[in-house]
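The values are calculated or read from the model by the stated rules, or taken from the named source; none is laboratory data. It should be emphasised that the depicted structure is a prediction, and the values quoted were computed from it without experimental measurement. Here the Cβ is made from the backbone with ideal geometry for all residues, glycine too, and neighbour counts use every protein chain on show. Surface accessibility is based on the protein's heavy atoms, side chains included, excluding ligands, DNA and RNA. Shrake-Rupley method; radii C 1.70, N 1.55, O 1.52, S 1.80 Å.
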Amino acid sequence: MAKKKNPKMNGASDYAQMQRNIQKAKGNPNKNVHQKKNGSDYHVRDRVQPESTQQQSTSQMPLWVKIALGVAFGVLLVMVILINTSLKGNPLAVHSTSLVTGLSCLLVYYSRRFLNKKETTGFKVIGMILLVLGAIYAVMGAYGMYLTLAA
């Protein structure tokens, strides 16, 4: 004689059956454990990419470079504000701002070494522009300061 199903247990067996179906859909969690051992490169394409590459690249920049960039741009901002307000027409202030602008460009060029980006053509072009403009502004500012102080 066949057993009759208890109507009170019917809901519990549905739940258990649903859990078994979910487990079957997920597959065996112990399968292919060898991928996870010893840093294997098996199925490299299935690895999860880092969440934020920008956060990683800035975290690898040394602290002194971050501080130097902040100070350089702070000084540059103060000098530009002063030139446009109280120091209009002062040649020493104009040339010193040009010098600080050039040094800031060179500092940005130097700090790009610490970024973990591929050296694409655009990356190289922007680096060369920063290098050339930084050198031109630094030399023009230093030479202008020299001429102003010598006169």
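Loop-located trypsin sites (Lys or Arg not before Pro) across region 98-141 with a Cβ neighbour count of 16 or fewer within 10 Å are K117, K118, with loop assigned by DSSP. Heavy-atom surface analysis with a 1.4 Å probe gives region 88-139 a carbon and sulfur content of 71 percent of its accessible area. Highest average first, the peptides 16-26, 62-72, 131-141 ordered by how many other beta carbon atoms sit within 10 Å of their residues are 131-141, 62-72, 16-26. Average accessible surface for region 112-151: 76 Å² per residue, computed with a 1.4 Å probe over protein heavy atoms with every protein chain in place.
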